[in-house]
């Protein structure tokens, strides 16, 4: 990743961004596009992202420029790793903090041992029903458009794979997990399913992507760092 080099940016490179909380993936693409166009004077340079992150998630977002945008599909196929914090005993319609709680459930019976045993059942290939509050298409419309109008529609389960799942901490009612999974996995939906499997309820309160394919969050730059880089004179070779 050489964002200081004009030709590399124009011909195609991957820019690793640490997405801020509250930003959409589209917001990040738009910001990087503006920075590149201003720095190079070339408004024809394409910019796209390899794998969406929800606004309430932070972490690794892979941005492709120039000819590298042709690699987006292959880059999206890589394994993903997340740090996810679930709040047990409470559910929301969106399975995260986008919507207010709609259900309360007991948690007194949940122990570290029960959690460890329950997580084993989620390993491997399975079919997951995506959240209604998602960008999935139903009859030509995004699912979240139906959800925000209170219209109930059915989403078909999709195959996913969980490669690793590790309990990092359990401080009731908060449970933090490290999850390594295939593309297309909704961690919000996984939070929902884990809550049910524990005989309770759960929703996602924090999510950070740390790995996407061969890329790591340690290699990512903040928006502020990228602004400084693109405001400096770019190399032409």
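Nearest 0.05, what FRET efficiency do residue 123 and residue 224 give at R0 = 25 Å with Cβ-Cβ as r?
Given R0 = 25 Å and the Cβ-Cβ separation, E is 0.05.
What is the extension gain from residue 196 to residue 231, computed as 0.36 nm multiplied by their sequence separation minus the C-alpha to C-alpha distance, in nm to one decimal?
7.6 nm
Starting from the Cα-Cα distance between residue 24 and residue 214, subtract it from 0.36 nm times their residue separation and give me the gain in nm to one decimal.
Value of the extension gain: 66.1 nm.
Pop the C-beta distance of residue 167 and residue 52 into the FRET formula with R0 = 22 Å and round what comes out to the nearest 0.05.
0.25
What is the distance, in nm, between label points placed 7 Å from the Cα along the Cα-to-Cβ direction at residue 158 and at residue 74?
2.2 nm
Order 64-71, 83-90 from most to least packed using the mean count of other Cβ atoms within 10 Å.
So the peptides 64-71, 83-90, ranked by packing, come out 83-90, 64-71.
Read-outs: derived from the displayed coordinates by stated rules, not from any lab. Please read these numbers as outputs of a predicted model, since none were measured by experiment. Virtual Cβ from ideal backbone geometry, glycine too; neighbours counted across all protein chains shown.
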